[in-house]
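Values in this text are rule-based calculations from the coordinates and carry no lab data. Just so you know, these numbers come straight off a predicted model, no measurement behind them. Heads up, the Cβs are rebuilt from the backbone with ideal geometry, glycines too, and the neighbour counts pull from every protein chain shown.
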Amino acid sequence: MNRPEMLSRVSAQSEPWDMIIIGGGATGVGIAVDAASRGYDVLLLEQSDFGKGTSSRSTKLVHGGVRYLEQGNISLVIEALKERGLLRQNAPHIVRDLGFVVPNYDWWEAPFYGLGLKVYNLLAGKYGFGSSQILSREETLERLPTINTEGLRGGVVYYDGQFDDSRLLINLVATAAEQGATLLNYVQVTGLKRGEDGFVDGVIARDTETSQEFQADAKVVINATGAFCDAVRQMAEANSTPLIAPSQGIHLVFDRCFLPGSNAIMVPHTSDGRVMFAIPWHGHTLVGTTDTPVVTPALEPVPMESEIEFILATAAKYLYKAPTRRDVLSAFAGIRPLVRSENARNTAALSRDHTIHIDRSGMLTITGGKWTTYRHMAEDCVDQAATLARLPEKPCVTAHLSIHGFHRHADKFGPLAVYGADAPGIQDLMRADESLAHTLHPALPYCGAEVLWATRFEMARTVEDFLARRTRALFLNAGAACEMAPRVAELMARELEVGSIWRAEQIEAFQALARGYLV
Ligand SMILES: Cc1cc2nc3c(=O)[nH]c(=O)nc-3n(C[C@H](O)[C@H](O)[C@H](O)COP(=O)(O)OP(=O)(O)OC[C@H]3O[C@@H](n4cnc5c(N)ncnc54)[C@H](O)[C@@H]3O)c2cc1C
């Protein structure tokens, strides 16, 4: 992963690319991995940083979706459970099993959820993660020492996967690059090119670091821009009917003391009929989420007051010590690109299936789906894109393709575990310069060597890239992340060979952004 080298590949390309992918989230990068590993010639363009959109803002679950089972969407659950198993197999350094306890306060809940979760297990077949089990009151308290005990009868535990979304995304970018794809962050697609037949045959793009414009030709253009996909479709057809109904979801992050064990809480029915999770994540407690329709998707969405209040009120019902606003270390929002339906009562009822749409202009748009199913979505998309572009048929190989960083015992790297096989490289940097081994803030485990690593090998271009997506500082503790910004800027500036003006601008921009994560 090296941006200048990627840029020079784009300049050197004389033939049309087999595929140009617009959007560097889970969907677009998944497609780049799939297409490049089949042997197609691929260019991916992301307007901001990889994962800046929804793909860094999820609940961090690799799951079949217990809720979709209740909605009767069995095929989605089966597909997602299979993908959950494949992802743990291909990226064991970043996907781990987690116990989820459904606390029971009514007599009917244990048999009802006990049976439902048995079915959930059965649907996973050979990709199962561990059997669900009915728990006594004492067993529930052992797993969830901070659960509200008033009226507590017991619980049901089941197992699902948990991951770090933006770390997996960066690993997928590295995987795609290793397979020969060219991927660029900070390049925005501003227009589409058309051939004499009127079909889209390329893109007009702008490098947002230099403001330089360029054009690139492709046999097929794939729009994988998530919540922004209708805006890109309008570049091809001004009057195209919108495909998606964007919906915002937020999370609040608290200290670990609110959920000190190693199990998560799953609330199957909140007062608005959704599910809510409280999850141990990177030594903190992550609680969410909401489902609020929005009209215009923003790249940096902001939690609404009503959403914050709703999460605090729901957490207060289930946690012995109710968290307050003062306890919120970070609040972040993401936009779901849900596929529209005339029949759904609200956005929570909209399907999480993906959809592939080919416009009259020949541009292919893929949207919807879930992080968990990104690989299957990519397979489906590349099959159709290859047909559309009349490319030679090549089989998909990603079901058994190890993802960059693959390591079976990454836990032995302690705070560097998420880097998997890259962790020894970071340890080498620490050994070469001991000052790089010091943590950047007492509240978080990140150190200077990670800044160098992210800048040298993971295409981090800004202080935000490092604090928000190469590490998760901004999402875990926005105040601490603000305090880390000056040192991060200093280390990055040295690496990128930029001066004090860059540093000052970066610190100011990051701190302004981070204020939006404080409530
Ligand atoms: C609150 C919430 C919780 C979720 N939790 C889970 C979960 O626990 N598990 C799960 O499986 N799924 C979850 N999801 C769903 C999952 O996060 C999304 O389905 C997935 O991240 C969508 O990825 P994407 O690549 O389609 O979109 P994005 O990640 O938004 O990527 C689209 C990219 O396109 C770029 N772009 C837009 N326009 C242009 C342009 N003109 N030129 C270049 N680039 C452009 C954007 O900058 C953006 O980075 C959750 C979603 C939300 C909102």
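Summary table
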| quantity | calculated |
| --- | --- |
| Rel. contact order, % - alpha carbon contacts under 8 angstrom, at least six apart, segment 1-112 | 16 percent |
| Rounded to whole Å, sorted largest first: equivalent-ellipsoid semi-axes of the chain, Cα gyration tensor | 36, 28, 21 |
| Residue-averaged [θ]222 nm for the chain, counting only DSSP H segments that reach four residues, each worth -39500 (n - 2.57) | -10500 deg cm²/dmol |
| Cα gyration tensor of segment 1-62 - equivalent ellipsoid semi-axes, whole Å, descending | 24, 14, 9 |
| Those residues of segment 194-227 whose amide nitrogen sits under 13 Å from the label point placed on residue 509, 7 Å along Cα→Cβ | 208-211 |
| On Cα atoms only, tilt of 305-318 relative to the major axis of the chain in degrees | 40 degrees |
| Angle between the chain longest axis and helix 26-38 axis [Cα atoms, degrees, rounded to 10] | 60 degrees |
| Gained length - residue 400 relative to residue 325, 0.36 nm times residue gap less alpha-carbon distance | 22.6 nm |
| Alpha-carbon centroids, segment 470-484 and segment 91-114: separation in whole Å | 30 Å |
| Label-point separation in nm, residue 262 to residue 501, each point 7 Å along Cα→Cβ | 5.2 nm |
| Two-site FRET efficiency, residue 408 against residue 457, from Cβ-Cβ distance with R₀ of 22 Å, rounded to 0.05 | 0.50 |
| For 275, 200, 382, 451, order by how many other beta-carbon atoms lie within 10 Å, fewest first | 275, 200, 451, 382 |
| Per-residue Cβ neighbour rank within 10 angstrom, fewest leading, 52, 321, 412 | 412, 321, 52 |
| Long pairs among 219/394; 317/412; 60/219; 52/394; 60/82; 52/412, criterion Cα-Cα beyond 27 Å | 317/412; 60/219; 52/394; 52/412 |
| Acute angle (nearest 10 degrees) that the helix 423-432 long axis makes with the longest principal axis of the chain, alpha-carbon atoms | 80 degrees |
